Amino acid sequence: MSMLQRGLAWLSQQRHAHMSHAVTYARGSTSVAINATPGRTVLELVDQNGFPLRIDAKDWLIRATDLGNLLLPEDGDRVTEIGTDGRSRTYEVMRVGGEPCWRYADPNHATIRVHSKLVATE
């Protein structure tokens, strides 16, 4: 492992230890409690009529090994978090602007970035 790879691994550990919080990741009736770091993706696109379109997605940085037997994210999966106000927020995993619903967030493929949108607040 090179010095840069070790540095990336250390930074990933620090992000997970200090910036992530508990969420539930679910697919159908299967769910797993994990820690994820919230993020954001903003895309500026043009629709088929030439009008500007802005997409603002809530992202989740998740260690690839944390999803266990769910393996990789799929459209329609759900991420639920409890906000600082005590309210539960559920996000649906979705494609953003023609991109897949997830991508690797680092060259080591240790972290994945999952795109989602808010679908429910309780």
Neighbours by Cβ (under 6 Å, 6+ apart or cross-chain): first from segment 13-40, closer than 20 Å to GLU74 by Cα; second of a type in the set (D, E, K, R)
VAL23/GLU81; ALA26/ARG78; ARG27/ASP77; ILE34/ASP66; THR37/ARG15; GLY39/ASP59; ARG40/ASP59
If ALA110 satisfies every condition in (1) at negative phi; (2) free of Cβ contacts under 8 Å to residues at least 60 places away in the same chain; (3) aliphatic (A, V, I, L, M) but one, which is the exception?
(2)
Of the residues GLU74, GLU81, GLU122, which single one is touching a Phe, Trp or Tyr at 6+ places or on another chain (Cβ under 9 Å), modelled with pLDDT of 85 or more and more than 23 Å from ARG15 (Cα to Cα)?
GLU74
Identify, please: which residue in segment 62-98 is out of contact with any helix residue (DSSP H, G or I) (no Cβ under 7 Å at 6 or more places or on another chain), part of a strand (DSSP E or B) and touching a residue at least 40 places away in the same chain (Cβ under 8 Å) and is, among those, surrounded by the fewest Cβ atoms within 10 Å (Cβ to Cβ)?
ILE82
Take segment 74-95 and flag every residue that is closer than 22 Å to HIS21 by Cβ, within 13 Å of the chain's Cα centre (by Cα) and of a type outside the set (Ser, Thr, Tyr).
ASP77, ARG78, VAL79, GLU81, GLU92, VAL93, MET94
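The values are calculated or read from the model by the stated rules, or taken from the named source; none is laboratory data. Treat the numbers as computed from the prediction; the structure is a model and nothing was measured. Here Cβ is always computed from backbone atoms with ideal geometry, including for glycine, and neighbour counts include all displayed protein chains.
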